[in-house]
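**Q** Once you've had a glance at the structure underneath, I'll fire off some questions.
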Amino acid sequence: MKIASRYAKCLFDIAVEKKQLDAVAGDVGNLLNAIASSSELASFLESPLLHKSKKKEVLRQICKGFNEISLSVFDMMADKSRENLLGEMAESFISIYNKANGITLAEVTSAIALDKDTLAGIEQFVKNHAGSKQVVITQKVNSALIGGLTILFDGRMYDSSVIGQINKMKKELNLA
């Protein structure tokens, strides 16, 4: 959403200006994790029935120990009845932060858990194709792939799974 991304950009710019970017990024990551891991918190922030002063109070308790820059933007969003956008703002901020720091997020799905050497190879593959300095890999196991793996990053999917190859052959055979 455009509004959430504007708040994220504002928070990012202020954090850079005040030389507090890493601290603010940590705060935003913690807030995002709290919202993602608690459906009650997400519902609480979304509820139009609760008064914003109550929401600000709870938000302050959750964000105890956060940087003042982070807290001021969170408060501003609550003051403008935009607390329901905190999760989206946090996602947008993390995206801006990662892009600015050359960090690429990659999701690797394989039929079995991968060893360190394989993950290191995947990391190098993603670095080369994305032109990034750092790669953060999330690994998932899906036995339905039979073998091989899929790599998803920057909106691109690389599929070398057995099931992916079978599906590709099915498509080719249907076209002939």
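**Q** Can you give me the Kirkwood hydrodynamic radius for region 97-176, using every pair of distinct Cα atoms, in Å to one decimal?
**A** The answer is 13.5 Å.
**Q** Let me ask something else about it. Provide the per-residue ³J(HN,Hα) series for region 65-77, in order, calculated from phi with Karplus coefficients 6.51, -1.76, 1.60 and θ = phi - 60°, each as a whole number of Hz, with x at glycine and proline positions.
**A** For region 65-77, the Karplus curve yields x, 6, 4, 4, 4, 4, 4, 5, 6, 4, 5, 4, 5 Hz.
**Q** Compute the length gained on full extension between residue 128 and residue 49: take 0.36 nm times their separation in residues and subtract their Cα-Cα distance, giving the result in nm to one decimal.
**A** That works out to 23.5 nm of additional length.
**Q** If each Cα of region 11-67 is one equal point scatterer, what is log10 of I(q)/I(0) from the Debye formula at q = 0.17, 0.22, 0.23 Å⁻¹?
**A** After summing over all Cα pairs, the log10 values are -0.63, -0.90, -0.94.
**Q** Where does the chain land at 222 nm, in deg cm²/dmol rounded to the nearest 500, when only DSSP H runs of n ≥ 4 count, each adding -39500 (n - 2.57), divided by all residues?
**A** Using -39500 (n - 2.57) per qualifying helix, the result is -19500 deg cm²/dmol.
**Q** If each of residue 154 and residue 120 carries a label point 7 Å out from its Cα toward its Cβ, how far apart are those two points in nm?
**A** Result for the modelled spin labels: 2.4 nm.
**Q** With a ≥ b ≥ c taken as the square roots of the eigenvalues of the C-alpha gyration tensor of the chain, please select rounded if a/c is under 1.5 and otherwise prolate if a/b is larger than b/c or oblate if it is not?
**A** prolate
**Q** Beyond 18 Å between alpha-carbons counts as too far, so tell me which of 2/80; 99/127; 18/80; 99/133; 9/54; 55/80 fall in that bin.
**A** Checking Cα-Cα distances, 18/80; 9/54 exceed 18 Å.
**Q** A follow-up question, please. I'd like the antiparallel share, as a percent to the nearest 5, of DSSP beta bridges with both residues in region 102-175.
**A** Of all bridge pairs located within region 102-175, approximately 55 percent are antiparallel.
**Q** Sticking with this one: Return the aspartates and glutamates within reach of residue 52: Cα separation strictly under 20 angstrom, same-chain partners fewer than 8 residues apart disregarded; answer none if there are no such residues.
**A** Once the sequence-local aspartates and glutamates are set aside, what remains near residue 52 is 40, 68, 75, 79, 83, 88.
**Q** Can you compute the modelled spin-label distance between residue 173 and residue 107, with each label point 7 Å from Cα toward Cβ, in nm?
**A** 2.9 nm
**Q** Here is a further query. Which of 82, 156, 60 moves the most in a Gaussian network model of the chain with Cα springs under 10 Å?
**A** Its mean-square fluctuation being the largest, the pick is 156.
**Q** So, in Å, what gap is there between the alpha-carbon centers of region 37-62 and region 71-133?
**A** A separation of 24 Å, based on Cα centres.
**Q** Can you work out the Karplus-derived ³J(HN,Hα) for every residue in region 17-22? Use 6.51 cos²θ - 1.76 cosθ + 1.60 with θ = phi - 60°, whole Hz, and x for glycine or proline.
**A** 4, 8, 6, 10, 4, 5
**Q** Tell me the Kirkwood hydrodynamic radius of region 2-99 in angstroms, computed as one over the mean inverse distance between distinct C-alpha pairs.
**A** One over the average 1/r among Cα pairs gives 13.2 Å for region 2-99.
Values quoted throughout were computed directly from the atomic coordinates according to the rules given, and no laboratory measurement underlies them. Just so it is clear, the model here is predicted, and its values are computed rather than measured. Don't worry about glycine lacking a Cβ; one is built from the backbone with ideal geometry, like all the others, and counts go over all protein chains shown.
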